[in-house]
Amino acid sequence: MNYIVLDLEWNQGNAAKEPENPELSFEIIEIGAIKLNDDFELVGEFSKLIKPQVHKEMHHITSKLIHMRIEELKRGEPFVKVMQDFLAWCGEEEYTFCTWGPLDLTELQRNMRYYKMEPLSEGPITFLDVQKLFSIAFEDRKARRSLEWAVDHLEIEKDIPFHRAFSDAYYTSKVLSRIERDVFENVSFDTYVPPKSRDKEIKITFDTYQKYISREFADKVAAFKDREVSSSKCYVCHKNLRKKVKWFTANGKNYYCIAYCEKHGYLKGKARVRKTDDGGVYIVKTTKFISEQDMEDILQKKEHAKKMRKKKNKK
């Protein structure tokens, strides 16, 4: 098993100088990666610039962050060529992608789709979000620190500058190598390509919660009519539970419910409605046990949502 520690830099449209391109808001301009073997030994490096085809002006935020000018990018290679080289470099041996944060694999596949390349997978991709793993290993599981903060916390030598694809992949690999292997069980899923069918849906139980990723539906109404999406089941004793608080939402994106298990207590459900690039939706649902105080907080959230809905209807 190899670990492909990946980092991307991307540019976005400069509204003052060029029209917005809704098909590709973020154009990848650099790919950097480190390949580690199962003993965390460095066995390969990858670093290439990509010649822009969509956004021909460098956004001022991007330029300030990575200290790169558009003239330098113009000497890069086309995205398709760089991507083909990258996948060939990854090799045929089994590997796991590792990134700092959850966004890179989604944007990589969005760029691949723009250039009519096949996606990396026919469904969700299991990967290691090193930012999340760092929080689980060294903090409170909830904090999301910058890469440089984590490097300083672990007293890793800073021998090359940050904020370029290769250097950030390099430092991410250093942080990864400091994390105990048992923490790797807390995998993440890139869902740019959601499950294709019910039998491909994902249900996985972690130490403190369970995650479910549904197949694609036409809309959220159809999604919540699905029994698996709307149900509440205890992931310890596997009993179907009756809801104390039915599904509700304050913003149309995140939905909440509360059920009760006689053996294990109150179970909170949180369902996020995610849109696909094809216009459909899929659901990412998490369930976890909560305290009575947490339950009261959810009830207050429901009452607030109810009041806001009434206020909106009056207007």
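The values are calculated or read from the model by the stated rules, or taken from the named source; none is laboratory data. Quick caveat: nothing in here was measured; it's all calculated off a predicted structure. All Cβ positions, glycine included, derive from the backbone under ideal geometry; neighbour counts span all protein chains shown.
Among the candidates Lys158, Lys174, the residue that is of a type in the set (Lys, Arg) and assigned to a helix (DSSP H, G or I) is uniquely Lys174. Checking Ala271, Ala223 one by one, the residue that is assigned by TED's automatic domain parsing to the domain that holds Thr287, touching a strand residue (DSSP E or B) at 6+ places or on another chain (Cβ under 6 Å), crowded, with 20+ Cβ neighbours inside 10 Å and not in a strand (DSSP E or B) is Ala223 and no other. Filtering Asp182, Asp168, Asp199 for residues that are of a type in the set (Asp, Glu), part of a helix (DSSP H, G or I) and touching a Phe, Trp or Tyr at 6+ places or on another chain (Cβ under 9 Å) leaves a single hit, Asp168.
Determine whether region 32-44 contains at least one residue that is in a loop (DSSP other than H, G, I, E, B), at pLDDT 85 or above, under 23 Å from Val193 (Cα atoms) and out of contact with any helix residue (DSSP H, G or I) (no Cβ under 8 Å at 6 or more places or on another chain). Even if it seems obvious, please write down each step before you answer.
We begin by selecting, within region 32-44, every residue in a loop (DSSP other than H, G, I, E, B); these are 37-41.
Of the ones still in play, those that are also at pLDDT 85 or above are 37-41.
From the residues that got through so far, the ones that are under 23 Å from Val193 (Cα atoms) too are none.
Taking every residue of region 32-44 in turn, none turns out to be in a loop (DSSP other than H, G, I, E, B), at pLDDT 85 or above, under 23 Å from Val193 (Cα atoms) and out of contact with any helix residue (DSSP H, G or I) (no Cβ under 8 Å at 6 or more places or on another chain).
In region 59-99, which helices (runs of 4 or more DSSP H) lie fully inside it and hold 2 or more residues that are modelled with pLDDT under 75 and either within 30 Å of Leu133 (Cα to Cα) or in contact with a Phe, Trp or Tyr (Cβ under 7 Å, 6 or more places away or on another chain) (or both)? Steps first, answer last, please.
Numbers: elements: 60-66, 70-73, 79-90.
Once the helices (runs of 4 or more DSSP H) in region 59-99 are filtered for at least 2 residues that are modelled with pLDDT under 75 and either within 30 Å of Leu133 (Cα to Cα) or in contact with a Phe, Trp or Tyr (Cβ under 7 Å, 6 or more places away or on another chain) (or both), what remains is 60-66.
Criterion applied to Tyr255, Tyr266 was being in a strand (DSSP E or B) and either closer than 30 Å to Asp190 by Cβ or of a type in the set (S, T, N, Q) (or both), and the one residue passing it is Tyr255.
Here is a check on your reading of the model: is Ile136 over 17 Å from Glu45 (Cβ atoms), in contact with a Leu (Cβ under 7 Å, 6 or more places away or on another chain) and touching a residue at least 24 places away in the same chain (Cβ under 8 Å)? Even if it seems obvious, please write down each step before you answer.
Values: over 17 Å from Glu45 (Cβ atoms): yes; in contact with a Leu (Cβ under 7 Å, 6 or more places away or on another chain): no; touching a residue at least 24 places away in the same chain (Cβ under 8 Å): yes.
The answer is no for Ile136.
Taken over region 79-126, the residue count meeting the criterion of being hydroxyl-bearing (Ser, Thr, Tyr) and either loosely packed, with under 14 Cβ neighbours inside 10 Å or under 18 Å from Asn186 (Cβ atoms) (or both) is 5.
Beta carbons closer than 6 Å, at least 6 apart along the sequence or on distinct chains, pair a first residue in region 172-189 that is within 18 Å of Asp104 (Cα to Cα) and surrounded by 19 or more Cβ atoms within 10 Å (Cβ to Cβ) with a second that is modelled with pLDDT of 95 or more and of a type in the set (Gly, Ala, Ser) for Val175/Ala150.
Looking at the structure I just gave you, is Ile202 under 21 Å from the mean Cα position of the chain (by Cα) and either surrounded by 14 or more Cβ atoms within 10 Å (Cβ to Cβ) or modelled with pLDDT of 95 or more (or both)? Answer is yes for this residue.
Tell me which residues, restricted to region 246-267, are touching a Lys or Arg at 6+ places or on another chain (Cβ under 6 Å) and either among the hydroxyl-bearing types (Ser, Thr, Tyr) or modelled with pLDDT of 95 or more (or both). If the condition is that a residue be touching a Lys or Arg at 6+ places or on another chain (Cβ under 6 Å) and either among the hydroxyl-bearing types (Ser, Thr, Tyr) or modelled with pLDDT of 95 or more (or both), then Tyr256, Cys257, Ile258, Ala259, Tyr260 are the ones that fit. Of all the listed residues (Lys311, Lys307, Lys268, Lys225), the sole one being at negative phi, in contact with a Cys (Cβ under 8 Å, 6 or more places away or on another chain) and without any contact (Cβ under 8 Å) to a residue 40 or more places away in the chain is Lys268. With respect to the conditions (1) over 18 Å from Arg141 (Cα atoms); (2) in a helix (DSSP H, G or I); (3) touching a Lys or Arg at 6+ places or on another chain (Cβ under 8 Å); (4) not aromatic (Phe, Trp, Tyr), Val151 falls short on a single one, namely (1).
Tyr282 satisfies every condition listed in (1) buried (at least 19 other Cβ atoms within 10 Å of the Cβ); (2) in contact with a Gly (Cβ under 7 Å, 6 or more places away or on another chain); (3) of a type in the set (Phe, Trp, Tyr) except (2). Does Lys211 fit the bill of being touching a strand residue (DSSP E or B) at 6+ places or on another chain (Cβ under 9 Å) and either surrounded by fewer than 16 Cβ atoms within 10 Å (Cβ to Cβ) or of a type in the set (A, V, I, L, M, F, W, C) (or both)? So Lys211 does not fit the description; no. Checking each residue in region 100-141 for being more than 11 Å from the chain's Cα centre (by Cα), closer than 16 Å to Leu154 by Cβ and part of a loop (DSSP other than H, G, I, E, B) picks out only Glu139.
Taking region 226-248, which residues are outside any loop (DSSP other than H, G, I, E, B) and either under 21 Å from the mean Cα position of the chain (by Cα) or under 25 Å from Val193 (Cα atoms) (or both)? Full working, then the answer.
First, pick out the residues of region 226-248 that are outside any loop (DSSP other than H, G, I, E, B): 227-230, 233, 240, 243-248.
Within region 226-248, Arg227, Glu228, Val229, Ser230 meet the criteria.
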